[in-house]
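Working notes, structure below.
Where a number appears in this text, it was derived from the coordinates with a stated rule and is not lab data. Small disclaimer: the values here were computed from a predicted structure and weren't measured. No Cβ is skipped: glycine too gets one built from the backbone with ideal geometry, and neighbour counts run over all protein chains shown.
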Amino acid sequence: MATDEQTPRLHVVTGKGGTGKTTVAGALALALAGQGKRVLLVEVEGRQGLAQLFDAPPLPYSETRLAAAGRGEVVGLAVDAEAAMLEYLEMFYSIKRAGSVLRKMGAIDFVTTIAPGLRDVLLTGKVKEAVTRTERTGRPSFDAVVLDAPPTGRITPFLQATHEVAGLARMGPIHRQSQGVIELLHSAQTQVHIVTLLEEMPVQETLDAAAELRAAGYRIGRLLVNRARPALISAGRPGVALLAEGLTAAGLDAALAPALAAEVRDYGRRQDVQARAGAELEQAGAPITRLPELPPPLDLGSLFELAEALDVRAWSA
């Protein structure tokens, strides 16, 4: 049985753009909350994707309840780099009043522009604070944190940004904070899950990202295949004549057979592509979870359906 130190508490969700990364991150948060956990769902890209997903007003830079699931709940947080920097200054240097002055001067935008990596340091630092925060009783404020992270093309530099700051600031509170972030991200408490589709480009990018993340010392959790179609077509696909016969037997118009045969061929081709992509994805050497293709538009009910399909109880089995 895994100890508390070995149980993942930070779930980093990444994926190629267009794979449904944010949707899957939301479903994962609901799935964990369904186990009676208090879950923080964090976004860091400034798109307000979580608010849209949960049909909520734009999220402020404060923890906001998004949904209940069983005995648990999902709390949302949209991390803003500027607000995070002001929080850092107050936390480590007790500089509170200077915040408004810095904002008026545009100093914060200037600093994060000339040092782009600093923005990622501020964002991961806030995530680390949420993961390690405790109540007066000593209990963690959140049982799990799900991070809707940048896409696969940027995920490794995003997670590695703190290494650069730790090397520049070799002592003091920022160095200690940086070391804490590094230790958390590389510990057994953190897993990186990659969302993909069973298509050539997303699968290749997933394989590349998994290899890059492992080389950098991060743990891969699950490969989450979104919008997977069921295999409904057998190898011997029916022709027009056979379909016409079946339609007639069912009391339907046999004239529909040519169009139906075209649909069957198209579905079969997609099914073949999925099968080849699925075989390639197994090369990553990580557990694979397939999520069903749901009809648009997705709503909160769809998220709960995806949360059930994730079956997170089986992840630690």
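In order along the stretch 59-64, the phi-based Karplus estimate (6.51 cos²θ - 1.76 cosθ + 1.60, θ = phi - 60°) of 3J(HN,Hα) comes to 6, x, 7, 7, 6, 10 Hz; Gly and Pro are listed as x.
Under the convention that each Lys and Arg Cβ holds +1 and each Asp and Glu Cβ holds -1, the size of the dipole of the stretch 205-252 around its Cα centre is about 200 debye. Using C-alpha pairs below 8 Å separated by at least 6 residues, the relative contact order for the stretch 191-317 is 31 percent. Once the chain from ALA241 to ARG269 is taken as fully extended at 0.36 nm per residue, the excess over their C-alpha distance is 8.1 nm.
Annotation: amide H-H contacts under 5 Å for THR196 (H modelled 1.01 Å from N, sequence separation of 5 or more, or interchain): LEU224, VAL225, ASN226. Electrostatic tally near GLN283: other residues with Cβ closer than 15 Å to its Cβ, Lys and Arg +1, Asp and Glu -1, net -4. Note on ARG176, ARG222: ascending count of other Cβ atoms within 10 Å places them as ARG176, ARG222, the fewest first.
Taking amide hydrogens as placed 1.01 Å from N in the peptide plane, the amide H of ALA144 sits under 5 Å from those of ARG38, LEU40, each at least 5 positions away in sequence or on another chain.
I'd like the distance separating the alpha-carbon centroids of the stretch 179-241 and the stretch 136-165, in whole Å. Cα centroid to Cα centroid, the span is 19 Å. For the pair HIS186 and ARG229, a Förster radius of 35 Å applied to the C-beta separation gives a FRET efficiency near 0.45, rounded to the nearest 0.05. Applying the Karplus relation 6.51 cos²θ - 1.76 cosθ + 1.60 with θ = phi - 60° to the stretch 194-201 yields 3J(HN,Hα) values of 10, 8, 8, 10, 7, 9, 4, 5 Hz, where x marks Gly and Pro. This ranking places MET85, MET201 by how few other beta-carbon atoms lie within 10 Å of each, fewest first, which gives MET201, MET85. Multiplying the residue separation of ALA250 and GLN179 by 0.36 nm and removing their Cα-Cα distance gives an extension gain of 18.7 nm. On the basis of the beta-carbon distance and an R0 of 22 Å, ALA216 and ARG47 show a calculated FRET efficiency of 0.30. The slack in the chain from MET201 to ARG65, taken as 0.36 nm per residue of separation less the alpha-carbon distance, amounts to 45.4 nm.
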